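The values are calculated or read from the model by the stated rules, or taken from the named source; none is laboratory data. Note that the structure is predicted; figures quoted are calculated from it, not measured. Neighbour counts are summed over all protein chains in view; Cβ atoms, including those assigned to glycine, are modelled from backbone coordinates with ideal geometry. Areas reflect the complete protein model, heavy atoms only, side chains present, ligands, DNA and RNA absent. Shrake-Rupley method; radii C 1.70, N 1.55, O 1.52, S 1.80 Å.
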Amino acid sequence: MRIARWFLPVAAALSVAGLVSAVPASAGWSARVTATGSVTVGRESVTITPTAVSTVMTNDLYQTTYLVNVTNNQASATFAGSSNVTLSAFSASTPATGLGALLSAVIWPVASAAACTTASNPVPGAVAGAWSDGVTSRAVAVAPGASALFCVRGMPTGGSSSATNSGQSRQNLAAALGSPSGTMSFTPSFRAEIALGNVTDQATADSDPITTSLIYPFRPLTNLTTYYQVKPQNILTPAALCLDLRGGVGATAGSGMGTYACHDIGTDVSLGNQAIAMLPINGASAVQLRVRTTASNNGYLTAGGTSPGGSVTVNGSFPTLAQQQWIPQEVSNAGGSRLQLVNAVSGLCLTAPASADLVTMQPCASDAAMQTYWYPVALPFP
């Protein structure tokens, strides 16, 4: 909460009052007012009220959205005509560190609250910049007693401000946002500035923090010339199941990945449909995952589509195809590296069923079905 008071000669006395109401942290999809601040010019005021629309960044949505209401409380009898109002987004603490140093903001005016949702896209004239440097909107004329609404989209610097997260290198952004705990946070602040003739003042209010959720460090296996048997954590007992290419080592392109009772592979190449290698991709914090098939240039795990429930199949090698770019994130290294496998095209996690069946892509969660252990096998490489 910030309370400040300015004094100017009699007719231009200025005062500022801010009110911040605490709210519990949440998953960020329910809108709520989180803070209000005001500045008084003469006997009237400008008020700023941020509302958090979404505050949580996940592997499948690197975005947050805020709706900010700025009200010109001046009386027309005191100040004739409209005032120019701008909105700035900046860090509540300076200098911005951690997550705050990684984020950018885009600000644009909207006609109604319905035009500022997670499905909204910035309009022409929107102003963008690094959140740590501060970003200021273009001025909007606001009549006495009227309000202006602004939409503020937060995203990783270099990421996409579009509602669909399109046109971004998810694999590289995930590497930047990953943390051992899976979460980081940053408290944004908003400032409304009003210009009334030669008098300019501002009101500031903090809002709900931006947080990341279940985004872990990029951690490919150190031995990239080795095949591994991959065991999802949820089916380690009573009898372990392993990732398994349906149709065996001779399976054709388009065959599905699933789970099956783990083979004792040894050096038996005929059991290579349960042997998977990580292959680095130049210029990307991602790998290809290849099953040791006997088919020529086949066996590369490919995610189907961007919607939850999609399948995983094997196909020829296309390292620039996002569906074949996988981001191994280390959830834990206790008892061996435990990885969740995030696909670059969707940000969804490879998910094992509770019994032998096909795997699917689902939103990442604290779920053992999405966490895998990797055990080296003796099959010759490649």
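The figures follow:
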{"quantity": "Estimated FRET transfer efficiency when R0 is 45 angstrom, pair A146-T94 (beta carbons, to 0.05)", "calculated": "0.90"}
{"quantity": "J(HN,Hα) series, region 87-101, from Karplus relation 6.51 cos²θ - 1.76 cosθ + 1.60, nearest Hz, glycine and proline x", "calculated": "10, 10, 10, 7, 7, 5, 10, 10, x, 5, 10, x, 4, x, 6"}
{"quantity": "5 angstrom amide H check on R219, placed H, neighbours 5+ away", "calculated": "Q329, E330"}
{"quantity": "Electrostatic dipole magnitude of the chain [Cβ: Lys, Arg +1; Asp, Glu -1; Cα centre; debye, to 20]", "calculated": "260"}
{"quantity": "Over the chain, volume per residue of the alpha carbon convex hull, in Å³", "calculated": "137"}
{"quantity": "Accessible carbon and sulfur surface of region 262-353 relative to its total accessible area, %, 1.4 Å", "calculated": "49"}
{"quantity": "Gain on full stretching of the segment that runs from A176 to R246 - 0.36 nm per residue minus C-alpha separation", "calculated": "21.7 nm"}
{"quantity": "Those residues of region 83-117 whose amide nitrogen sits under 14 Å from the label point placed on Q202, 7 Å along Cα→Cβ", "calculated": "85-94"}
{"quantity": "Pairwise Cα inverse-distance average, inverted: Kirkwood Rh of region 189-286 (Å)", "calculated": "18.6"}
{"quantity": "Calculated FRET efficiency for the pair A75/S185, C-beta based, R₀ 45 Å, to 0.05", "calculated": "0.65"}
{"quantity": "Helix-only mean residue ellipticity at 222 nm for the chain, each DSSP H run of n ≥ 4 adding -39500 (n - 2.57), per residue, nearest 500", "calculated": "-500 deg cm²/dmol"}
{"quantity": "Ratio Rg/Rh, restricted to region 190-240 and using Cα atoms, in which Rh is the Kirkwood radius", "calculated": "1.51"}
{"quantity": "Signed unit charges on C-beta, dipole axis of region 118-221, positive-most listed residue S137, F150, S160", "calculated": "S160"}
{"quantity": "Semi-axes of the equivalent ellipsoid for region 246-382, Cα gyration tensor, largest first, Å", "calculated": "21, 18, 16"}
{"quantity": "Whole-number accessible area per residue in Å² for the chain, which is evaluated in the context of all protein chains at 1.4 Å", "calculated": "41"}
{"quantity": "Value of relative contact order over region 166-210, rounded to a whole percent, pairs C-alpha under 8 Å and six or more apart", "calculated": "34"}
{"quantity": "Amide H contacts of G134 (H built 1.01 Å from N, under 5 Å, at least 5 apart or other chain)", "calculated": "S91"}
